[in-house]
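The values are calculated or read from the model by the stated rules, or taken from the named source; none is laboratory data. Note that the structure is predicted; figures quoted are calculated from it, not measured. Here the Cβ positions follow ideal geometry from the backbone for every residue, glycine too, while neighbour counts run over all protein chains shown.
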Amino acid sequence: MTTNHTAGSPVSAALFERALAVTPGGVNSPVRAFRSVGGTPRFMASGKGAYITDVDGKEYVDLVGSWGPMILGHSNPGVIAAVTDAVGRGLSFGTPGAGEVALAEEIVSRIAPVDQVRLVSSGTEATMSAVRLARGFTGRVKVVKFAGCYHGHVDALLASAGSGVATLALPDSAGVPATTTADVIVLPYNDIAAVRTAFELHGSEIACIITEAAAANMGVVPPAPGFNAALAEIAHVNGALLISDEVMTGFRLSRSGMFGLDGEIEGWRPDLMTFGKVIGGGLPVGAFGGRADVMALLAPNGPVYQAGTLSGNPIATAAGLANLQGLTAEVYQHLNSTADVVGDLVSAALSAEGVEHRLQRAGNLFSIFFSADQVSDYDQARQQESFRYAPFFHSMLDAGVYLPPSAFEAWFVSAAHDEAAIDRIADALPAAAKAAAQGIAV
Ligand SMILES: *Cc1c(COP(=O)(O)O)cnc(C)c1O
């Protein structure tokens with residue numbers, strides 16, 4: 001699998017050497033290390049629109065978008081101007097500021113179930129705090145989560161947690177005490193019968209169900225019609241809360257995220273929601289919010305403690321607000337049609353080479369499974385012929401298209417992906433599909 005891909009990237013290779021000496025695995029987040037595709041990670045130097053350029057000067061069409069935040073494209077003028085303006089006024093005060101109020105108002109105005117929101121600095125903090133709040137509100141301890149759903153690296157939620165963990169083939173993380181995950185019930189995604197059974201057995205002890213609004217950290221696995229609605233109903237009948245994790249999907253799939261394609265139409269609501277990625281515009285922002293009576297329990301109003309030195313940071317909130325303000329109805333239309341076009345191109349190229357695959361979508365998020373059948377849960381996701389992904393990925397990379405360096409990650413389009421960017425993807429695909437067809441099981 002690990003052929004020598006460093007030849008054309010001497011500056012990246014040299015940086016990686018230095019990084020390996022001072023940072024575990026040479027990276028600050030595991031998937032960046034290219035372990036599941038082999039070769040040297042590309043160190044990026046700059047980004048503009050749909051393109052990123054590495055330290056060797058090679059340009060790529062970017063289909064990762066920093067895992068979601070760069071939904072308007074890189075170096076978006078509106079976001080850069082807002083950040084530059086905020087920087088001119090100072091970096092952090094540790095006091096309340098106007099920017100965090102404006103960002104909270106924008107979130108609350110877009111997402112009906114969110115009466116109040118608390119800003120944090122990452123998606124992980126958001127889910128960690130939401131689970132603590134649900135436990136504080138209900139006075140219960142147990143948490144239901146789904147295999148393959150990733151909610152950040154919260155100890156309790158690192159049981160069967162999808163991509164990063166799947167990629168590393170770690171069933172769980174070392175360093176997480178069994179006592180911590182003992183109160184977490186892990187169920188197969190899209191399996192309502194399993195949820196009903198869990199509540200029959202433990203209903204009075206379950207504080208919350210936490211789920212990705214649309215699973216996109218085991219590849220993209222959309223909820224079956226009615227799945228999220230049923231989760232809300234079962235939770236509510238049993239006095240538990242539903243936490244919908246929209247860290248990836250929030251403000252991406254529609255102006256009100258996956259909720260806008262689901263609960264808003266079907267008429268049900270989660271009790272708490274978590275956000276990240278898009279709401280930071282590329283700077284560290286996360287958020288959790290929901291029902292006013294639940295949020296009322298948070299410090300300083302209530303007994304559930306939660307805090308952050310840099311929470312609501314003025315630079316980060318300026319970036320986030322500008323990012324959200326750039327997300328017009330036209331942008332969402334463009335994201336959807338771009339996902340249609342790119343998805344169809346990939347699928348056509350693979351079909352032309354006779355490679356069995358499924359293109360799976362949740363709004364404008366999509367991924368490819370090298371699988372003959374529809375994938376609806378984590379067991380099925382892991383059965384795909386993921387050995388085809390590394391040759392596919394490297395062929396695209398060589399041709400100047402940066403894909404997620406794992407077969408279990410979503411692909412991200414942006415407002416800046418125009419015809420020229422799509423043409424480059426189209427030109428790269430035939431050879432990559434051929435490489436995938438020739439992939440060898442290891
Ligand atoms: C990315 C992600 C997280 C974690 O967010 P971080 O900012 O990386 O801590 C949590 N939940 C989901 C659904 C995510 O995609």
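Quick notes on this structure:
- Ala169 being surrounded by fewer than 16 Cβ atoms within 10 Å (Cβ to Cβ), modelled with pLDDT under 95 and under 21 Å from the mean Cα position of the chain (by Cα): yes
So that you can scan it fast, the table gives a plain yes or no per residue for (1) crowded, with 19+ Cβ neighbours inside 10 Å; (2) touching a residue at least 40 places away in the same chain (Cβ under 8 Å):
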residue	(1), (2)
Asn323	yes, yes
Ala339	yes, yes
Ala352	no, yes
Phe366	yes, yes
Gln380	yes, no
Phe393	yes, yes
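- Meets criteria (within 16 Å of the ligand (Cβ to nearest atom), surrounded by fewer than 18 Cβ atoms within 10 Å (Cβ to Cβ) and not aliphatic (A, V, I, L, M)) for Asp155: yes
- Residue that is of a type in the set (A, V, I, L, M), in a loop (DSSP other than H, G, I, E, B) and either surrounded by fewer than 21 Cβ atoms within 10 Å (Cβ to Cβ) or touching a strand residue (DSSP E or B) at 6+ places or on another chain (Cβ under 6 Å) (or both), where the choices are Leu15, Leu91, Leu20: Leu91
- The range 23-46, residues that are under 18 Å from Val11 (Cα atoms) and out of contact with any strand residue (DSSP E or B) (no Cβ under 8 Å at 6 or more places or on another chain): Thr23, Gly25, Gly26, Val27, Arg32, Ala33, Phe34, Gly38, Gly39, Thr40, Pro41
- Any hit, the range 274-296, residues being of a type in the set (Gly, Ala, Ser), out of contact with any strand residue (DSSP E or B) (no Cβ under 9 Å at 6 or more places or on another chain) and either at pLDDT below 95 or within 16 Å of the ligand (Cβ to nearest atom) (or both): yes
- Residue satisfying condition, being more than 13 Å from the ligand (Cβ to nearest atom), at pLDDT 95 or above and not hydroxyl-bearing (Ser, Thr, Tyr), within set Ala174, Ala134, Ala130: Ala134
- Top-ranked residue of the range 371-397 - restricted to ones that are among the hydroxyl-bearing types (Ser, Thr, Tyr) and assigned to a helix (DSSP H, G or I), ranked as farthest from the chain's Cα centre (by Cα): Ser395
- Qualifying positions in the range 328-364 - closer than 22 Å to Gly78 by Cβ and either assigned to a helix (DSSP H, G or I) or modelled with pLDDT under 95 (or both): Ala329, Glu330, Val331, Tyr332, Gln333, His334, Leu335, Asn336, Ser337, Thr338
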